[in-house]
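One structure is given below, encoded as structure tokens.
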Amino acid sequence: MAGVSGDQTIPSKSEEYSPTTDSAYCFICYLFSDKPNVRKGTDAFTVKGFNNWKKVNDGNNCAFLKHIGSSQHKGAVVSCENLLNQKAHIENVIEKRNAEDVLKNCIRLKASVDVIRWLTFQACAFRGNDETVDSKNRGNFIELLKLLASHNDEVANVVLHNAPFNSKFTSGDIQKEILSIIASKVRKHIRNEVGDSYFCVMVDEARDEAKREQMAIVIRFVDKDGIIR
């Protein structure tokens, strides 16, 4: 509210007038000024109150106008506006940031899962001999992920060099973990599909070029419609 004394009018909505002390106070500076006693006279509108009415309505020398234009008052106004701007409060900023991070992580993870599913279905190797940034062929996984990114800006903005160092979802351990989850879901689906039906299991082994034993497992069963699967 604007305070008055005789014909004098306080020209700022932040000023408050006390009839008891016949003085004016700056409500915003009283609440938000962090250094009200830095030098003599700066506490007039916050502690002691201003009542030198001769310095009011004196053109550019008006005490109220000078106070409003002071760095102390402007700083207090900024602090007040920041407090009233709830959208800029730290908890809202953090919540918004967290939501954005969750969305980016979902897109990044889904891209890696799609690449792993495709490579697995096609029985292709994941890793390359040289997966460094300068390599001309970084392996099937990275190259296919780059291909997906080249056709989708939403993916391109969150994968590979645009991803945080600690959540790229492209390491060998992450690939194995995702592949293990997919394999577990496939086994669960097969168990549910077989159920109590008759089935047989065929197992065969053979050595690859590295002289490692590779095992192949085939399951045959009769489904609920009597068809051999």
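Sort through Ile190, Ile178 and tell me the only one that's within 20 Å of Trp118 (Cα to Cα), modelled with pLDDT under 90 and out of contact with any Cys (no Cβ under 8 Å at 6 or more places or on another chain). First the steps, then the outcome.
Values: Ile178 fails: modelled with pLDDT under 90.
Of the residues listed, the single one that is within 20 Å of Trp118 (Cα to Cα), modelled with pLDDT under 90 and out of contact with any Cys (no Cβ under 8 Å at 6 or more places or on another chain) is Ile190.
Out of contact with any strand residue (DSSP E or B) (no Cβ under 8 Å at 6 or more places or on another chain) and loosely packed, with under 13 Cβ neighbours inside 10 Å: does that describe Ile181? Spell out the reasoning first.
Working: out of contact with any strand residue (DSSP E or B) (no Cβ under 8 Å at 6 or more places or on another chain): yes; loosely packed, with under 13 Cβ neighbours inside 10 Å: yes.
In short, yes.
Out of Glu81, Glu95, I need the residue that is surrounded by fewer than 16 Cβ atoms within 10 Å (Cβ to Cβ), of a type in the set (Asp, Glu), modelled with pLDDT of 70 or more and under 35 Å from the mean Cα position of the chain (by Cα). Which one? Walk me through how you get there before you give the answer.
Numbers: Glu95 fails: modelled with pLDDT of 70 or more.
So the residue among Glu81, Glu95 that is surrounded by fewer than 16 Cβ atoms within 10 Å (Cβ to Cβ), of a type in the set (Asp, Glu), modelled with pLDDT of 70 or more and under 35 Å from the mean Cα position of the chain (by Cα) is Glu81.
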(request) Exactly one condition in (1) under 33 Å from the mean Cα position of the chain (by Cα); (2) loosely packed, with under 10 Cβ neighbours inside 10 Å; (3) at pLDDT below 90 is not met by Ser167; state its number. (result) (2)
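In the list Ala76, Ala24, which residue meets the criterion of being hydrophobic (A, V, I, L, M, F, W, C), crowded, with 17+ Cβ neighbours inside 10 Å and either assigned to a helix (DSSP H, G or I) or at pLDDT below 70 (or both)?
On the way: Ala24 fails: either assigned to a helix (DSSP H, G or I) or at pLDDT below 70 (or both).
Sole residue among the options that is hydrophobic (A, V, I, L, M, F, W, C), crowded, with 17+ Cβ neighbours inside 10 Å and either assigned to a helix (DSSP H, G or I) or at pLDDT below 70 (or both): Ala76.
The values are calculated or read from the model by the stated rules, or taken from the named source; none is laboratory data. Keep in mind that what you see is a predicted model, and the values were worked out from it rather than measured. Every residue, glycine among them, receives a Cβ derived from its backbone with ideal geometry; neighbour counts consider all protein chains shown.
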